[in-house]
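Each remark here refers to the structure printed beneath this line.
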Amino acid sequence: MESQIHKIHQQLVSKEISCTKLVQQRLDLLKSNTHNTVNSLLDTLALELAAKVDAKIENGEEIGLLEGIPFGIKDVYMVQGTYTTASSDLLKKYKSSYTATAIQKLFDAGAIPLVKENCDSFGHGSSSENTIFGAVKNAFNTELVAGGSSGGSAVNVAKDYTVFSIGGDTGGSVRQPAGYNKIYGLKPTYGRISRFGLMAYASSTDCVGPIAKSIEDIRIVLNIMSGKDIKDQTTYQSKKISKESILKSDEIKTIGYFKNFIENDAIDAQVKSDFLASIEKIKAKGIAIKELDFFESDTLVSTYYTLAMAETASNLSRLDGTNYGNRIEGSSLKDTYSVTRSDNFSEETKRRIVGGNQVLSQGFSDDIYLKGLNIRDQISENFEKDFKEVDIILSPVTPNSPPKIGDSLKDPLAMYLSDAYTVGFSLGQLPTITVPQGTETGLQITAAKNNDELVLKFANFLKDTI
Ligand code: GLN
């Protein structure tokens, strides 16, 4: 698909459509949608900003490429003065007192926020059913889940309710719903975009990620949001990726894929044959293909969940009804903490807090947490070794097609295992994108750390190859 940002920019500049009309149309679509994508609409702010853009155009002033472009924000980002609920009872009434760096950069570029989007509570989930706002329904089949945790963001883009949306990806939450709804979703290299103002889930893998219908739109939004931020010490300065640079892919000579991801009982037969057919098409273009060895999916999933649960248990300990959250008074201070947290966190979030505290507790942490960290180091070393031999690693996004609404809630372990192909790249902090091609839930393109440009190049190459 062509760039929606460029197209709408032209329509605004040529006065084919006014910004107010554009924004109003999208707000109406969001308001009447039955996919449960909306936690709150930012209609007053959006229309105010749209009127300013229209006034500029009327005055003959130039507008920037993102000026007047309507977008969505997963409801885990701080936007000053708006409800930021993380789709939870605990923060149902919480309003942000400041704005996340990544979102502020989009505001500074003139993009217009329409909506805080439904997602799994605190990012905990792979289906966007763990939410107080109702399960998000898949853009193509309303009986299926939208994927998660950034399900509302993916569906809004797929249905053209927003031009692009900003999701968050800790272990696949941008890539997997992008795959389930047949659009693009990028998890950049960890640290390329500031996490300041993104509600912390697992701080060592949390990434800000754009979701859009074209690679060009992903590139534009990525460039705006990237950069060093003194409020997030893990950020680094990166070079802008130019439009021209991602059109050339001749430096990509070798593609690798993990044999054990594909030769595995857990993978759906159709996903497997579609993936192997994609590999053949790439080979036919003269690119070398290399089979790689990797950790078993079970090891990746258990290492990820061990560390993610430990980090989220620690991060969420601040939500006790004192500084934040819907306080419920108990018989004593301790009881107040206990009732507030028991009644306001979801089953899934409580499972993770209990699991995470177990992982971190005295007597267990050496055996579980430190072992998890050790395996994570081995995973990173494995990636370093692989990227000496291949330019890109290609994989399916998920082993199976999207489940029916209700199924993941019945079987959390099956849900965790559905993350088998995304979590390893998160632990490695690598740049990785979902493209809506190759298998029913797309393909995942991964490159070495800081090589986000190569990921976009190969995505462009695949667009014309399969
Ligand atoms: N599904 C994974 C989890 O529940 C990833 C979620 C995410 O990336 N926020 O942890």
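Rule-based calculations on the coordinates, nothing more; no lab input. Here the structure is a predicted model, which is why all the values come from computation and not from measurement. Every residue, glycine as well, gets a Cβ built from its backbone with ideal geometry; the counts of neighbours run over all protein chains shown.
Hand me the tally of lysine pairs in the stretch 299-390: alpha carbons under 28 angstrom apart, and the pair either on different chains or 8 or more positions apart.
The result is 4.
Would you mind giving the three semi-axes, in whole Å and largest first, of the ellipsoid equivalent to the chain according to its Cα gyration tensor?
31, 31, 20
Taking 0.36 nm per intervening residue step and subtracting the Cα-Cα distance, what contour gain separates S317 from K285 on full extension?
Separation in residues times 0.36 nm, less the Cα-Cα distance, equals 6.3 nm.
For the stretch 271-422, compute Rh as the Kirkwood radius over C-alpha pairs and then the Stokes-Einstein diffusion coefficient at 20 °C and 1.002 mPa s; write the answer in µm²/s, rounded to an integer.
Estimated diffusion coefficient is 114 µm²/s.
By average Cβ neighbour count within 10 Å, what is the ranking of 149-156, 458-465, 168-175, 329-336 from highest down?
Peptide ranking by packing, descending: 149-156, 168-175, 458-465, 329-336.
As a footprinting exposure proxy, order T432, T322, T20, T34 by other Cβ within 10 Å, with the fewest listed first.
Listed from fewest to most nearby Cβ atoms, that is T34, T322, T20, T432.
In the stretch 298-368, with Lys and Arg counted as +1 and Asp and Glu as -1 at Cβ, which of these residues, N326, I368, L300, has the Cα nearest the positive end of the dipole, that is, farthest along it?
Final value for the positive-end residue is N326.
From the C-alpha gyration tensor of the stretch 341-458, pull out the three semi-axes of the equivalent ellipsoid (sqrt of 5λ each), sorted largest to smallest, in whole Å.
Output for the stretch 341-458: semi-axes of 30, 23, 11 Å.
Separation between the D407 and D108 pseudo-spin-labels, each 7 Å from Cα along Cα→Cβ, expressed in nm?
According to this spin-label approximation, the distance is 4.5 nm.
Express in nm, to one decimal, how much length is gained between S203 and S365 on full extension, taking 0.36 nm for each residue of separation and deducting their alpha carbon distance.
That pair, S203 and S365, stretches by 56.5 nm at full extension.
Along the Cα→Cβ direction, 7 angstrom out, place labels at M1 and D377. What is the inter-label distance in nm?
Going by the 7 Å Cα→Cβ label model, 4.4 nm.
What length, rounded to one decimal in nm, is gained on full extension from T34 through to L65, with 0.36 nm per residue of separation minus their alpha-carbon distance?
Roughly 8.1 nm would be gained on extension.
Please name which of T142, S204, A158 has its Cα lying farthest along the dipole of the chain towards the positive end, using unit charges on Cβ (Lys, Arg +1; Asp, Glu -1) and the Cα centre as origin.
A158
Taking every DSSP beta bridge with both residues inside the chain, roughly what % is antiparallel (nearest 5)?
The answer is about 65 percent antiparallel.
May I ask for the equivalent-ellipsoid semi-axes of the stretch 280-326, computed as the square root of five times each C-alpha gyration tensor eigenvalue and listed largest first in whole Å?
Equivalent ellipsoid semi-axes, largest first: 44, 15, 6 Å.
Sort out for me the Cα centre separation of the stretch 418-434 from the stretch 91-129, rounded to whole Å.
22
At a Förster distance of 56 Å, what's the computed FRET efficiency of K240 paired with S331, Cβ-Cβ distance as r, to 0.05?
0.45
For a protection proxy built on the mean count of beta-carbon atoms within 10 angstrom, sort 353-364, 95-106 highest first, please.
95-106, 353-364
Whole Å is fine, so just give me how far the alpha carbon centre of the stretch 1-44 lies from that of the stretch 258-287.
Measuring centre to centre over Cα atoms gives 38 Å.
Putting +1 on Lys and Arg Cβ atoms and -1 on Asp and Glu Cβ atoms, find which of G68, G110, T85 reaches farthest to the positive end of the dipole of the stretch 51-118.
Projecting each Cα onto the dipole axis, the largest value belongs to T85.
How large is the direction-averaged shadow of the alpha-carbon convex hull of the stretch 218-297, in nm²?
8.3
Nearest 500 deg cm²/dmol is fine: what mean residue ellipticity at 222 nm does the chain get from its DSSP H runs of n ≥ 4 alone, each adding -39,500 (n - 2.57), divided by its residue count?
-12000 deg cm²/dmol
Hey, got the dipole for the chain? About the Cα centre, +1 on K and R Cβ, -1 on D and E Cβ, debye to the nearest 20?
700
Once you've got the Cα coordinates, tell me which of K74/K463; K31/K116; K116/K159 are over 18 Å apart.
Over 18 Å Cα-Cα: K74/K463.
Which order, highest average first, do 25-32, 419-426, 281-288 follow once you tally other Cβ atoms within 10 Å for each residue and take the mean per peptide?
419-426, 25-32, 281-288
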